[in-house]
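First comes the structure, then the notes that go with it.
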Amino acid sequence: MAEPRKRVLSGIQPSGTLHLGNYFGMMKPSIELQDGGEECFYFIADYHALTQLPEPAKLRERTRGVALDFLACGLDPERTVFFRQSDVPEVHELTWVLSCLTPVGLLERCHSYKDKIARGLVPNHGLFSYPVLMAADILIYGSHLVPVGKDQKQHLEVTRDLAIRFNNAYGDILVVPEAMIREDVAVIPGLDGQKMSKSYDNTIELFGEPKATRQKIMRIVTDSTPMEAPKDPERCNVFALYRLLASAEEREALRQRYVAGGMGYGHAKQALADKVAEVFAPMRERRQELVAKPRLVEDILQAGASRARAVARETLNRVRAAIGLE
Ligand code: ADP
Ligand code: TRP
């Protein structure tokens, strides 16, 4: 008999405009997984974004932006269940059940929470219990594999811990998931060479206005090697981005221009800007088509939510029975 299909699940917060770091670190690898044999569930974590209390119009706009970006970048709603977290309110029922099994100390030790407090944020209870909602997101769909960035590793450990605690207390009900952390996807550098992140204001947006994108690329920080001198592509932020987008031949050609000398960083930046424009042109076009069909995007999310809800309901029924609620 064939092995049952594994379920892959991941979520992304609609907390800003998506950028090249999100694309290469999370979106592209997740979208590629839909071509494998697994069943993919991807969702927009709008309840998680609420921990930062965005303005309602912003939350709505960003959620819609993330949906458009993912669909434009190749997420195929025929093969992947794509939905909005808040369209499956069942997740809160499981969150509560898990909360009652969560030692406060476990949440107090979470780096992401501690980092935010260290930066002066006054935490709300939602921020504190963020990992419990995330655990419920994962466990309610019986997910086996969860592709995430390294920054989410600890949250996956919390999830596994809670699943094991639940199963020990009430029987083998929840699937204990595995994190899928791609060590090969390096941290994508931003304009200033630090990790590209919306918090550092150093991003290249996926679907930014082309002229503004080129201007941003021209601002990428490089060293002061003079124009004539040979340059080391391995230590250059411009090349680090170019290599992600170019073919092997193009990469090699630019590498040789670096080491030969006589090429200024300005040329490399123009080459990168051309490449960004070229690679994202078809996705930009697809995005425009989708923008013109707001109903279609909403229908895709609703269809995804209805498939997700059916799975959530089933898990919840088993959980409720096991804990003595019915
Ligand atoms: P940001 O740092 O801009 O706030 P998020 O934390 O919302 O981005 O990240 C969403 C997803 O994109 C996560 O899976 C994260 O690992 C990935 N990601 C974000 N920035 C980068 C980057 N610079 N390099 C690689 N992956 C990234
Ligand atoms: N916390 C994740 C992030 O900030 C987003 C997220 C919420 C998530 N729920 C999830 C990721 C469940 C994977 C699985 O990137």
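Amide H to amide H, which residues 5 or more places from residue 180 or on other chains are under 5 Å from it, using H placed in the peptide plane?
146, 148
Which aspartates and glutamates, on any chain, are close to residue 153 with Cα under 13 Å apart, when same-chain ones fewer than 8 places away are left out?
Within reach: 161, 178, 183.
On a 0 to 90 degree scale, rounded to 10, what angle separates helix 294-323 from the longest Cα axis of the chain?
Its long axis makes an angle of about 40 degrees.
Give me the one-decimal nm value for the distance between modelled label points at residue 224 and residue 32, 7 Å along each residue's Cα-to-Cβ direction.
3.9
Which order do 159, 95, 222 take by accessible area at a 1.4 Å probe, largest first?
Sorted by accessible area, descending: 222, 95, 159.
When DSSP assigns beta bridges and you keep just the ones with both residues in the chain, what percent turn out antiparallel, to the nearest 5?
Bridges in the chain that DSSP calls antiparallel: roughly 10 percent.
I'd like to compare 8-18, 114-124, 250-260: which one has the highest average count of other Cβ atoms within 10 Å, and what's the full order after that?
Going from most to least packed, we get 8-18, 250-260, 114-124.
Which angle between 0 and 90 degrees, to the nearest 10, do you get for helix 265-291 versus the longest principal axis of the chain when only C-alpha atoms count?
Tilt relative to the chain: about 40 degrees.
Once you order the gyration tensor axes a ≥ b ≥ c over the Cα atoms, which shape class does the chain get: rounded for a/c under 1.5, otherwise prolate or oblate by comparing a/b with b/c?
Because a/c hits 1.5 or more and a/b exceeds b/c, the chain counts as prolate.
Can you pull the percent of the range 166-283's accessible area that's carbon plus sulfur, 1.4 Å probe, other chains left in place?
The C+S portion of the solvent-accessible surface of the range 166-283 is 50 percent.
Explain nothing, just the number: dipole magnitude of the range 207-288 about its Cα centre with +1 on each Lys and Arg Cβ and -1 on each Asp and Glu Cβ, in debye rounded to the nearest 20.
340
For the range 207-288, report the translational diffusion coefficient in µm²/s to the nearest whole number, using Stokes-Einstein at 25 °C, 0.890 mPa s, and a Kirkwood Rh over Cα pairs.
Stokes-Einstein gives a translational diffusion coefficient of 186 µm²/s.
Using a 1.4 angstrom probe on the protein heavy atoms only, line up 306, 99, 197 by accessible area, largest first.
Sorted by accessible area, descending: 306, 99, 197.
Do the alpha carbons of any pairs in 150/211; 28/293; 58/195 sit beyond 29 Å of each other, and which pairs?
In this structure, 150/211 exceed 29 Å between Cα atoms.
How much length is gained if the chain between residue 251 and residue 108 is pulled fully straight, taking 0.36 nm per residue apart and subtracting their Cα-Cα distance, in nm to one decimal?
Gain on stretching residue 251 to residue 108: 46.9 nm.
Tell me, how many Å apart are the Cα centres for the range 93-146 and for the range 208-268?
Here the two parts' Cα centres lie 41 Å apart.
Give me, ordered by chain and number, the residues 5 or more places off residue 202 or on other chains with an amide H under 5 Å from its own placed amide H.
Amide H to amide H, under 5 Å and 5 or more residues apart or across chains, residue 202 pairs with 197.
Please report the accessible area of residue 40 (heavy atoms, 1.4 Å probe, ligands and nucleic acids excluded) in Å², nearest 10.
The accessible area comes out at roughly 0 Å².
The values are calculated or read from the model by the stated rules, or taken from the named source; none is laboratory data. Note that this is a predicted model, so its numbers are computed, not measured. No Cβ is skipped: glycine too gets one built from the backbone with ideal geometry, and neighbour counts run over all protein chains shown. Remember, those area values only see protein heavy atoms, side chains included, never the ligands or the DNA or RNA. Shrake-Rupley method; radii C 1.70, N 1.55, O 1.52, S 1.80 Å.
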